[in-house]
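Notes for the one structure printed next.
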DNA sequence: TTAGTTAGTTAGTCAAACTAATTATATGGA
DNA sequence: TCCATATAATTAGTTTGACTAACTAACTAA
């Protein structure tokens, strides 16, 4: 199985993604905000307010799943919803000031483990991972 | 934020891992074997029989979690357990022939989405992802 | 020998995902 | 215009995979 064989690469990437997430999951307990919620919040902060459906599509989950995630974020005061004036069925979800603040702290705490390891790598390897991450994000699109 | 800044790279890798796994998750339903089980099975096939504790460590989950995963695999006929002759507390978990067969079919089906996209990339980019995957697996090790 | 450790299991809880069903609103065609 | 269909969001119920805590059994060392 050649190193660049598609199935092999797919397999290793798959394993790598699973293990990487497991490795950083230990930071979840401290933050009080779980990975899926932080990820959704991150989209709201960086891409701006959007409908629940758009957010669900962006995060690649069903509307039902996102509805619950957003409800939780709302209870925690990290996001808010308001009626879409142009479509009474719709809501606009946006991050609150608290949400923005928590995002940064949360991200940092969550990623500290990863970052600590990354910072020990030579710059070229970090650059390689940065390029790979962008490629992976492309691959994950639809 | 420089492209090779550790926090930035950590953030993008984190997002990439989340979205990549969500993207391939749609294949779960077809295979009948979920990602964590397939991942554990994969370890058993490629690294050989091992104790439950060793498997849990390898997969970075608690022994309790692995105990349940292995129990499920056993019910599905994909793995088997037998007493460790040298330590009556221990068990040796190993993949069955059916497990090996399922692994390959399952992996292929699960990874088909990824692989289809990967095969369209130029070889250099696949090589980059292959290198990145190995780095990520290293990073994930405690 | 007995105290402490290790291997594994079981019970109970939780988050996050899904599907199916429900409600409300929009919209396009006869 | 009005009805059928489509879309937005929610709710209910289920499943999976993760955890901790508590337990039994077996090993090990002081």
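Values in this text are rule-based calculations from the coordinates and carry no lab data. Source: prediction; values computed, not measured. Every residue, glycine among them, receives a Cβ derived from its backbone with ideal geometry; neighbour counts consider all protein chains shown.
GNM on chain A, alpha-carbon springs under 10 angstrom: the most fluctuating residue among A:115, A:60, A:125 is A:125. Sorted from shortest to longest, the distances between the residue B:32 label points of this copy and the other copies are 4.6 nm, with each point 7 Å from Cα along the line through the beta carbon.
Each part gets one Cα centre, and for segment B:34-57 versus segment A:38-78 those centres are 34 Å apart. Can you give me the angle between helix B:6-25 and the longest principal axis of chain B, using Cα atoms only, in degrees from 0 to 90, rounded to the nearest 10? Tilt of helix B:6-25: around 60 degrees. In degrees between 0 and 90, to the nearest 10, how far off the longest principal axis of chain A does helix A:63-75 point, with axes built from Cα atoms? For helix A:63-75, the angle is close to 70 degrees. The angle between the Cα long axis of helix A:123-140 and the main principal axis of chain A comes to about 50°, on a 0 to 90 degree scale. Considering only A:100, A:19, A:57, the Gaussian network model of chain A with Cα springs below 10 Å gives its largest mean-square fluctuation to A:19. Here the residues A:136, B:66, ranked from fewest to most Cβ neighbours within 10 Å of their Cβ, fall in the order B:66, A:136.
Label point of residue B:53 set 7 angstrom out along Cα-Cβ; within segment B:66-80, amide nitrogens under 15 Å from it belong to B:66-67.
Please compute the contact order of segment A:15-142 in relative form: average sequence separation of alpha-carbon pairs under 8 Å and at least six residues apart, divided by the residue count, as a percent. Relative CO of segment A:15-142 lands at 25 percent. Sorting A:131, A:104 by the number of Cβ atoms found within 10 Å of their own Cβ, with the fewest placed first, yields A:104, A:131. Report summary: the helix-based calculation at 222 nm, which adds -39500 (n - 2.57) for every DSSP H run with n ≥ 4 and divides by the residues of the protein assembly as shown, gives -22500 deg cm²/dmol. The same position residue B:98 in the other copies lies at 5.2 nm from this copy, comparing label points 7 Å beyond Cα toward the beta-carbon, shortest first. Say each of residue B:138 and residue A:134 gets a label point 7 Å from the Cα, pointing the same way as Cα to Cβ; how far apart are those two points in nm? Between residue B:138 and residue A:134, the simple spin-label model gives 2.2 nm.
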